[in-house]
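The values are calculated or read from the model by the stated rules, or taken from the named source; none is laboratory data. As the structure is a computational prediction, the values presented were derived from the model and not from experiment. Using ideal geometry, Cβ is built from the backbone for each residue, glycine included, and neighbour counts are taken over all protein chains shown. The accessibility values were calculated without ligands, DNA or RNA, using every heavy atom of the protein model including side chains. Shrake-Rupley method; radii C 1.70, N 1.55, O 1.52, S 1.80 Å.
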Amino acid sequence: DRCQRLDLSGNTRNCFLTRSPNYCGNSIGKGQRCLLNIVNTEVCKNAPHSSARSCFLSSQPLVEKIPSLQISSLVQLPNRFSAWSIQTIRFFHISPSFQAAPVPLFWMIVKPAQKLFAIILGRSIRNWWKALPPNKRELFKESARKNKWKILLSVSSLGVLFIVFYFTHLEETPLTGRARLVVFAKEHFRELSQMEYDMWMAEFENKMLPETDARYQVVERVVGHLSESNKDIPQVSEQKWVIHVVEEPGVNAFVLPNGQVFVFTGLLNAVSDIHQLSFILGHEIAHAVLEHAAEKASLVHFLDFLSLIFLTMIWAICPRDSLAVVGQWIQSKLQEFIFDRPYSRTLEAEADKVGLQFAAKACVDVRASSVFWQQMELAETIQGQPKIPEWLSTHPSHENRAEHLDRLIPEALKIRESCNCPSLSGPDPRLIFRLNMQHLLESSKDEQTQNSTKQDLTKPKLDLPHT
């Protein structure tokens with residue numbers, strides 16, 4: 001059976017979140033087994049009888065062994081938001097900006113030289129045109145009019161070359177089948193991954209948690225279970241996933257293309273349960289499986305090359321250098337907000353979809369995925385952080401992200417059911433979150449009413465004459 005099962009739902013979830021020593025105390029169908037033991041390595045397989053139990057055994061609750069990983073019932077969420085407001089919760093950047101590998105590194109070094117060459121070329125054309133006598137300018141214009149079809153043919157040929165290059169470098173995205181442009185070979189990004197890995201290891205050298213730390217073990221087993229549950233996917237089974245847990249307050253996690261998984265302890269403090277953590281790590285693994293780093297680098301390289309033509313034209317046409325600088329800045333911003341950032345948001349949405357499927361095959365309660373982003377939205381609101389419009393960001397907004405996941409959850413539940421996962425029991429965590437928010441708002445209104453009443457009582461009464 002390609003769908004390995006983890007009983008993280010139903011009665012299991014209830015006993016897990018209520019800190020019972022027996023994390024999987026409910027009855028499961030014949031032949032099922034728990035692959036992820038959060039605290040202990042002891043795994044109890046089913047007895048032949050259909051009523052036998054499959055469970056995780058632990059000498060003490062997870063929340064006692066891992067105090068920083070606040071595994072609690074969603075019913076207790078409002079009590080945790082005061083703690084959230086103390087932390088510095090930044091925007092959850094799922095994918096860090098990558099560094100260049102040998103071939104991309106060459107283009108990274110050449111890129112400034114290309115821009116400088118385009119500027120010098122455009123400026124030289126402008127100065128040459130200004131220095132021409134009026135009669136020669138007219139002769140040049142007349143020659144251009146006579147040869148306009150040849151000029152048009154040359155420009156069209158250049159455009160055709162770009163189109164041919166684009167379509168000959170298209171390939172299908174793994175799992176989703178989406179067509180995308182890939183210029184750099186995968187080997188280059190393996191080397192890229194090693195370079196970036198060395199950079200992160202040097203930066204976090206003194207902040208890495210040891211393998212004996214309970215928080216490290218949680219992440220290791222969640223990633224291991226996700227990998228085991230999706231081993232039918234070659235990009236998952238052939239990759240060696242290496243865990244690094246960093247003692248950092250930021251709510252962040254990322255996976256390099258070579259399978260190096262980095263998780264900040266701030267993320268472990270931010271998630272409410274193991275289901276949210278499984279979805280987030282599934283999202284990160286999806287970025288690596290879908291090879292988004294190579295795809296994004298290819299698109300940026302292709303657009304930068306095209307922009308050199310427009311950059312040369314800007315410096316050639318603009319009468320003054322100051323206007324050319326403004327035109328260059330407008331061009332870069334248009335490229336950023338029309339192509340780069342929307343494309344990044346598209347990749348994030350795709351990773352959300354595939355990551356949710358990974359979590360569903362691992363029998364995770366996928367309904368908790370949208371709750372995480374609602375919690376992030378609420379935390380930022382409580383802290384008074386300004387909301388950045390989505391079109392200014394490389395990531396979807398928390399609100400839109402939660403709505404997108406809500407639309408994907410029905411399909412994920414079908415995948416979960418097809419993997420013979422135990423049925424989900426108990427209330428929907430999204431409903432619990434909404435009820436908690438309603439209660440929180442009512443409590444806030446009552447508190448404001450009481451404060452206003454107290455202020456009215458302390459005000460001196462004035463006897464005004466009646467008119």
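If you stretched the chain out fully between Ile330 and Thr346, how much longer would it get, using 0.36 nm times the residue separation minus the C-alpha to C-alpha distance?
3.4 nm
Sorting check: for 213-222, 420-429, which peptide has the highest mean count of neighbouring beta carbons within 10 Å, and how do the rest follow?
My ranking of the peptides, most packed first, is 213-222, 420-429.
Grab the Cα-Cα distance for Ile109 and Val164, subtract it from 0.36 nm times how many residues apart they are, and report the gain in nm with one decimal.
Numbers: separation 55, 0.36 × 55 = 19.80 nm, distance 2.60 nm.
So the chain would gain 17.2 nm between Ile109 and Val164.
Past 24 Å, Cα to Cα: identify those pairs from Lys111/Lys186; Lys111/Lys136; Lys231/Lys353; Lys115/Lys333; Lys186/Lys240; Lys111/Lys296, in the order given.
Exceeds cut-off: Lys111/Lys136.
Probe radius 1.4 Å, ligands and nucleic acids left out: which of Cys318, Cys419 has the largest accessible area, and how do the rest follow?
These residues rank, largest area first, as Cys318, Cys419.
Please work out the FRET efficiency for the pair Lys387 and Asn127, using the Cβ-Cβ distance as r and a Förster radius of 30 Å; give the result to the nearest 0.05.
0.05
Give me the orientation-averaged projected area of the Cα convex hull of segment 129-274, in nm², one decimal. If you can, show how the numbers build up before the last one.
Details: hull surface 65.0 nm².
Computed as one quarter of the Cα hull surface, the answer is 16.2 nm².
Roughly what would the spin-label model give for Gln438 and Asp213, points 7 Å off Cα along C-beta, in nm?
Taking the simple label geometry, Gln438 and Asp213 are separated by 4.0 nm.
Got a sec to turn the phi values of segment 404-411 into Karplus ³J(HN,Hα) couplings, 6.51 cos²θ - 1.76 cosθ + 1.60 with θ = phi - 60°, whole Hz, x for Gly and Pro?
Once rounded to whole Hz, the list reads 4, 5, 4, 6, 8, 4, x, 5.
With a ≥ b ≥ c the root eigenvalues of the C-alpha gyration tensor of segment 292-353, is it rounded (a/c under 1.5), prolate (a/b larger than b/c) or oblate?
prolate
Are there trypsin sites (Lys or Arg not before Pro) in segment 341-442 that DSSP puts in a loop and that have at most 16 other Cβ atoms within 10 Å, and which ones?
Passing sites in segment 341-442 are Lys387.
With labels modelled as points extended 7 Å from the Cα through the Cβ direction, what inter-label distance (nm, one decimal) is found for Asn420 paired with Ser157?
A separation of 6.5 nm, rounded to one decimal place.
For segment 429-442, take each phi angle, set θ = phi - 60°, evaluate the Karplus expression 6.51 cos²θ - 1.76 cosθ + 1.60, and give the result in whole Hz per residue in order, putting x for glycine and proline.
x, 5, 5, 4, 5, 4, 5, 5, 5, 5, 5, 5, 5, 5
With r defined as the distance between the Cβ atoms of Ser143 and Gln235 and R0 fixed at 51 Å, what FRET efficiency is calculated, to the nearest 0.05?
Values: r = 57 Å, r/R0 = 1.11.
With R0 = 51 Å, the Cβ-Cβ based efficiency is 0.35.
Quick check: with the 1.4 Å probe, what order do His439, His292, His404 take by accessible area, largest first?
Putting His439, His292, His404 in descending order of accessible area: His439, His404, His292.
Non-local amide H neighbours of Val251 (under 5 Å, H modeled in plane, Pro and chain starts lacking H): which ones?
Arg90
I'd like the FRET efficiency for Ile120 and Arg407, computed as 1/(1 + (r/R0)^6) with the beta carbon distance as r and R0 of 41 Å, rounded to 0.05.
Between Ile120 and Arg407 the formula returns 0.20.
Find, to one decimal place in angstroms, the Kirkwood hydrodynamic radius of segment 328-386, where the mean of 1/r is taken over every pair of different Cα atoms and then inverted.
After inverting the mean inverse Cα-Cα distance, the result is 14.2 Å.
Ranking request for peptides 147-154, 278-285, 224-231: highest mean number of other beta-carbon atoms within 10 Å first, then the rest in descending order.
278-285, 224-231, 147-154
Using label points projected 7 Å from each Cα along Cα→Cβ, tell me how many nm separate Gln450 and Ala202, to one decimal.
The two pseudo-label positions are separated by 5.6 nm.
What's the ranking of 116-124, 192-200, 260-268 by average number of surrounding C-beta atoms within 10 Å, highest first?
Per-residue mean Cβ counts within 10 Å order the peptides as 260-268, 192-200, 116-124.
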